[in-house]
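Okay, structure first, notes after.
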Amino acid sequence: MFLKEYIKDVYKGVTSLLKGMRKTGYYFFHTKEIITEQYPDNRATLKLAERFRGEVVMLHDENNEHACTGCTACELACPNGTIKVITKFDVTPEGKKKKAVDTFVYHLELCTMCNLCVEACPTGAISMAQNFEHSVYDRSKLTKRLNKPGSKVREGVE
Amino acid sequence: MMFSLEGITKTIQDWLFSSFSPTVALLIECAIIILLAIALFAVLGLVLVLMERKVAAHIQIRLGPNRVGPGGMFQTVADTIKLIMKEGLTPDMADKFLFNLAPFIVMIVAMLLLAPIAFAKNFQIWDINIGVLYVSAISSLSVIGILMAGWASNNKYSLLGAMRSGAQIVSYELSAGLAILSVVVLTGSLQISDIIESQKDGWWLFKGHIPVIIAFVIFLIAVTAETNRAPFDLAEAESELTAGFHTEYSGMRFAFFFLAEYINIFIVCAIGATLFLGGWMPLHIGNWESFNHLMDYIPSSVWFMGKTFFLIFLIMWFRWTFPRLRVDQLLNLEWKYLLPISLFNILLVTLIAIMGWHF
């Protein structure tokens, strides 16, 4: 029946509008929900979102060991050539040659923080850090070596 | 005696008429009123723009302006100074006369609308006996200013925005008028002071049952559309038409359009408060003498401003919640929903008025 449909339409419209107003009204009266960060002023207490991605880092433990085996999966996964893994061959005590990372080169200036390298890494050696203050006066400083000097791959990581 | 605007105006008038001849006194009074109106415009523009930005920010989980002055209080003052110093460009191929005239027309219409509004008890510029009719007649003039601006700019966006604005105001005036009529029917008078007087034992929103509540909702929707505010802002629809009818305006002439928008919001909210929420009349409930007397201690100007700003907040809340309507949806809403409902509603209100079913 036409009139029934009509009244139903009005009812549906009004209730859906009120639902929206309820949500925005909740935000208006609950000032603690405000997510604005007054950045340069609150540098010490800055709260970043959990999923915010600032730069790629390689994780090192206290023995200066990382989990990178030099497999170059990250390099292949990177869409714009941000990562260059230079590999070398270590000789194990048994006299076998084993591939290892020599220098993990990371071009921050090319990186789009897409997270594909982190997802591609089979051993979880790299991850995304939240540091975002990357400004430098010389862009060559943006080319970084991620494995620390003297570091080696952790025992048992294949 | 409490502070009251009534006393101040009476003292000034008595002093003027005792010191000067009636003609001169009248002229001086006119000058005072003009000054007051301009001052009100300036203050309202600053306050309402700041309020809008703060409301918008909090609704969107932001802080809003907070750098200029305590809590960003002087942000709009800074903006106004910037706008005053900016160059007011006139496009080369524009119709220069109409282009420069349009912002003033819009402003003058907003100023004319101030006349019948009762800001406090016996504090009214002109208590004309057709007050409500005057308001609805004058408010439709603002579309002329908008059309003029759109046409004279010689810009496709301006023209499209102005045409949309025309279609919108012409359609929504009907339901706004019918919503206003329902209160006029109950009161039996078009005079603003009579309408307020009739609400001294309760506001029409409460006295008039559900039909008046429906009329109030329709009034709110229609005036939101008439003032070209979101969700009915397709006259300026910045994502489609850059800024609609005021695309080509800059500097102070742009500020006039901007200011007129906010003044118009204030005026329609003041009218809404007068018709449905009792204007300056304090919250009175029937025969509860002590309660009514207690409410009278709050000055009438505070009541008026409180109600008006509550309605303004409601309209801002609409703006930052609802998405913009398409032009076909806009006309559907008016002609298929608001108009039939308000026509039926006014029948109900008339029935209530004739049978005396209201409180």
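Values computed for the structure shown
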read-out	value
Residues located in the stretch B:141-162, provided they are touching a helix residue (DSSP H, G or I) at 6+ places or on another chain (Cβ under 6 Å) and either among the basic types (K, R) or assigned to a loop (DSSP other than H, G, I, E, B) (or both)	B:L141
Test: residue in the stretch B:279-300 that is of a type in the set (A, V, I, L, M, F, W, C) and within 14 Å of chain A (Cβ to nearest Cβ)	no
Members of the stretch B:9-67 found to be aliphatic (A, V, I, L, M), within 14 Å of another protein chain (Cβ to nearest Cβ), in a helix (DSSP H, G or I) and without any contact (Cβ under 8 Å) to a residue 24 or more places away in the chain, listed by number	B:A57
Selection within the stretch B:159-173 - out of contact with any Asp or Glu (no Cβ under 6 Å at 6 or more places or on another chain) and either of a type in the set (S, T, N, Q) or closer than 13 Å to B:S139 by Cβ (or both)	B:S165, B:Q168, B:V170, B:E173
Residue within the stretch A:52-67 that is within 14 Å of chain B (Cβ to nearest Cβ), free of Cβ contacts under 8 Å to residues at least 60 places away in the same chain and charged (D, E, K, R) present	no
Flag if A:C71 is surrounded by 10 or more Cβ atoms within 10 Å (Cβ to Cβ), in contact with a Pro (Cβ under 7 Å, 6 or more places away or on another chain) and farther than 30 Å from B:M316 by Cβ	yes
Members of the stretch B:142-154 that are surrounded by fewer than 21 Cβ atoms within 10 Å (Cβ to Cβ) and in contact with a Pro (Cβ under 8 Å, 6 or more places away or on another chain)	B:N154
Check on A:T82, of a type in the set (S, T, Y), more than 13 Å from chain B (Cβ to nearest Cβ) and in contact with a Cys (Cβ under 7 Å, 6 or more places away or on another chain)	yes
Residues of the stretch B:118-132 satisfying the condition of being at pLDDT 85 or above and buried (at least 17 other Cβ atoms within 10 Å of the Cβ)	B:V132
Subset of the stretch A:99-126 (residues that are among the polar types (S, T, N, Q) and touching a residue at least 60 places away in the same chain (Cβ under 8 Å))	A:N115
Among residues of the stretch B:175-234, those that are touching an Asp or Glu at 6+ places or on another chain (Cβ under 8 Å) and among the β-branched types (V, I, T), counted	3
Within the stretch A:130-158, tally of residues that are surrounded by fewer than 16 Cβ atoms within 10 Å (Cβ to Cβ) and more than 20 Å from A:P79 (Cβ to Cβ)	20
Check on B:E6, of a type outside the set (A, V, I, L, M, F, W, C), under 18 Å from B:Q124 (Cβ atoms) and within 25 Å of the chain's Cα centre (by Cα)	yes
Qualifying residues in the stretch B:316-345 (those that are among the β-branched types (V, I, T) and facing chain A (nearest Cβ under 9 Å)) - the one farthest from B:M51 (Cα to Cα)	B:I341
Given (1) touching a residue at least 40 places away in the same chain (Cβ under 8 Å); (2) in contact with a Pro (Cβ under 8 Å, 6 or more places away or on another chain), number of the condition B:G72 does not satisfy	(1)
Subset of the stretch B:68-107 [assigned to a loop (DSSP other than H, G, I, E, B), of a type outside the set (D, E, K, R) and touching a Phe, Trp or Tyr at 6+ places or on another chain (Cβ under 9 Å)]	B:V68, B:G88, B:L89, B:T90, B:P91
Of all residues in the stretch A:4-42 being over 23 Å from B:L333 (Cα atoms) and among the charged types (D, E, K, R), the one that is nearest to the other protein chains (Cβ to nearest Cβ)	A:E33
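The values are calculated or read from the model by the stated rules, or taken from the named source; none is laboratory data. Fair warning: this is a prediction, and the values are worked out from it, not measured in the lab. Quick reminder, even Gly has a Cβ in these numbers, built from the backbone with ideal geometry, and neighbours come from all protein chains shown.
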